[in-house]
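This report refers to the structure that appears directly beneath it.
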Amino acid sequence: MKIQFLGAAQTVTGSCHMIEVNGKRFAVDCGMHQGGSAIESRNENVEAYRPEEVDFFLITHAHIDHTGLLPMMVKHGFKGEIYCTVPTVDLLEVMLQDSAHIQEMEASFKNTKNSRKGLEQVEPLYTMDDALATLKHLRGMEYDRMFEPAPGIKVVFRDAGHILGSSFLEMQIMEEGKDKPVRFVFSGDLGRPDSLLMSDPDIPGETDYLFVESTYGNRNHKDEGSTLDELAEAISYSYRHGEKVIIPAFALERTQAILYSLNQLRREGRLPDIPVFLDSPLAIRTTEIFRKYPDYQDEETQALIAAGDDPLDLPNLRYTLSTAESQNINSYSGSAIVISASGMANAGRIRHHLKHNLWRAGASVVFVGYQAIGTPGRKIVDGAKSIRIMGEDITINAKIWTIGGFSSHAGQSEIMDWVGEFVKPHTKVFLIHGEEKAQEDLAALIKQKFAVDVFIPEYLEETTLEVDGKLVVETLPAPETVHRVDWELLLSDTESKMALLRRKLEEVSRRSWPEQVDARDRIVELNGELLALLSQL
Ligand SMILES: [Zn+2]
Ligand SMILES: [Zn+2]
């Protein structure tokens, strides 16, 4: 039996764990790789997935970093079933279409630029048709009911408490010729006890192999009370200055958690009387799906709903579906709260709101989710003085707030508590879905506390899992070579162009004055670009 790590290996995005056993090939999750061009180029690596040979997918939850490449699988010949929970089917219907829309928009944006430069046209990663075709493969399953997608492979979805319909997987695989099944647990994204809308994560039974996420492997979250206080403080800061509070938030779950918190602040009399714009068509749609499945939310939320309150509504809440309405928010003067996507500020309408507000003293930008390496969100959180958004350098004068307490991921101690409930001395633990530092810290802690073997797989790494009385983990090195930019080559290219420029300018200085001014302006622009780059390095 083999497992290959096609994503979320020493990173947080692109979750996909491909298993081969009994002549079957199937994967847990099939997520989009996000965060910088080096990581995102992995989305194009279709050969690594071999979609036409995949028998089925098991999907833990609807977030794009776990599902975003499913339409690409269908586009390239995947014919099997995609199993997930019932609410995940509804959520994927909107999430995958939204993702296809983004892919098409980005390709058409690039193509307009490319045609102007006389360059070749690019194809979107996948289209709306591919997304719609993918929906036909979805099979909705209930929590806690075992099913057998292929002979000898038994699977149960359990409540992970991360987002609506999220699950971790318990799996038993009986390998041909063996007399005892191997047990697996895949944590998916693990939620937190006492989170705002979701139930506490379930506890799995004993397992031989545990694949556990490690996003916050080196950090704990603050409690709910101080999280609400921080949000109230950010709002009151910008309210006093007559400026806006911009909240980049993932459309799915984080937006609903923010609405729920704003509702709570309103009930406590701590929300000023200002408009709240929900500026994300996707968030508006996913909020509707939350309303459809109250049974999948925690008891507190169900009690509020039963008492006639809608915990996701506010008297001043305004939905902006169209682009024109969205742009109008920027001409609205006065204090307001704007919730918009994407959560890491790397795409979507949030970029416009950041462009219009980041430079304004008194404004607030409140980050409420994980910011992956390479994203604009991460750069802002890490203290950048200016940031490039949609081709423009924007100075950062707004107050930046990072409120970790909204996280729908377990923090370090919460992961440890969960693992501690079922880990046994023979369990082999693999850390996935986390950045290196978080993984190293968590690995050390797990080894020390539970005395078990812990592995941190690399991207494309392949591991053989055996069960002959005892378990063996044999790791093949990832075929990918170490990445290193050839700065020498790159800069000598820049230098030779500079030398050529110098020679050409001698000739330009004999041309007409308007032509010389034109060349001068271009060089001033070039210097500006270089300066901006230097200040960001
Ligand atoms: Zn997630
Ligand atoms: Zn995730």
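Values in this text are rule-based calculations from the coordinates and carry no lab data. Treat the numbers as computed from the prediction; the structure is a model and nothing was measured. No Cβ is skipped: glycine too gets one built from the backbone with ideal geometry, and neighbour counts run over all protein chains shown.
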*asked:* Tell me whether segment 241-324 comes out rounded, prolate or oblate; compute the Cα gyration tensor, take square roots of the eigenvalues as a ≥ b ≥ c, and use a/c under 1.5 as the rounded threshold.
replied: oblate
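Restricting to DSSP H runs of at least four residues, report the calculated mean residue ellipticity at 222 nm for the chain, -39500 (n - 2.57) per run over all residues, nearest 500 deg cm²/dmol. Could you put the intermediate results ahead of the total?
Numbers: 17 runs with 202 residues, N = 537.
My calculation for the chain gives -11500 deg cm²/dmol from helical runs alone.
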*On a 0 to 90 degree scale, rounded to 10, what angle separates helix 281-292 from the longest Cα axis of the chain?*
30 degrees
_Distant alpha-carbon pairs in segment 344-461 (separation over 18 angstrom), percent_ = 61 percent
*Provide Rg and Dmax in Å for segment 68-123, with only Cα atoms included in the calculation.*
15.1, 47
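Taking the Kirkwood radius as the inverse of the mean 1/r across Cα pairs, report the Rg/Rh of the chain. Intermediate results must be reported in sequence, preceding the final value.
Values: Rg = 25.0 Å, Rh = 25.0 Å.
In the chain, Rg relative to Rh is 1.00.
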*Just how large is the dipole of segment 490-536 about the Cα centre, in debye to the nearest 20, putting +1 at every Lys and Arg Cβ and -1 at every Asp and Glu Cβ?*
200 debye
*asked:* Please compute the Kirkwood hydrodynamic radius of segment 490-536 from all pairs of different C-alpha atoms, in Å with one decimal.
replied: 11.9 Å
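Using per-residue counts of other Cβ atoms within 10 Å, averaged over each peptide, order 150-156, 293-299 from highest down. Walk me through the intermediate numbers first.
Details: 150-156: 17.9, 293-299: 14.7.
Order by mean packing, descending: 150-156, 293-299.
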_Counting other beta carbons within 10 Å of each residue's own, what order do TYR126, TYR319, TYR459 fall into, fewest first?_
TYR319, TYR459, TYR126
*Counting only Cα, what are the radius of gyration and maximum Cα-Cα distance Dmax of segment 21-116, in Å?*
14.5, 52
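For segment 224-406, what is the Kirkwood estimate of the hydrodynamic radius, computed as the reciprocal of the mean inverse distance between distinct Cα atoms, to one decimal in Å? Provide the component values of the computation, followed by the final result.
Values: mean 1/r = 0.0606 Å⁻¹.
It is 16.5 Å.
Between the DSSP loop rule and a limit of at most 16 other Cβ atoms within 10 Å, which GluC sites (Glu not before Pro) in segment 161-258 are left?
On the way: sites: GLU170, GLU175, GLU176, GLU206, GLU213, GLU224, GLU230, GLU233, GLU243, GLU253; in loops: GLU175, GLU176, GLU206, GLU243, GLU253.
Within segment 161-258, the qualifying GluC sites (Glu not before Pro) (loop, at most 16 other Cβ atoms within 10 Å) are GLU176, GLU206.
For the peptides 391-398, 4-11, 528-535, 162-169, what is the packing order when you average, over each peptide's residues, the other Cβ atoms within 10 Å and list the highest mean first? Don't skip to the end; give the middle numbers.
On the way: 391-398: 14.6, 4-11: 24.2, 528-535: 10.8, 162-169: 27.2.
With the highest mean Cβ count within 10 Å placed first, the list reads 162-169, 4-11, 391-398, 528-535.
Would you mind putting 195-204, 363-372, 112-121 in packing order, based on average other-beta-carbon counts within 10 Å, highest first?
363-372, 195-204, 112-121
Taking the Cα centre as origin and putting +1 on Lys and Arg beta-carbons and -1 on Asp and Glu beta-carbons, what dipole magnitude results for the chain, to the nearest 20 debye?
Working: 56 positive and 82 negative charges, 382 e Å.
Using only the charged Cβ atoms, the result is roughly 1840 debye.
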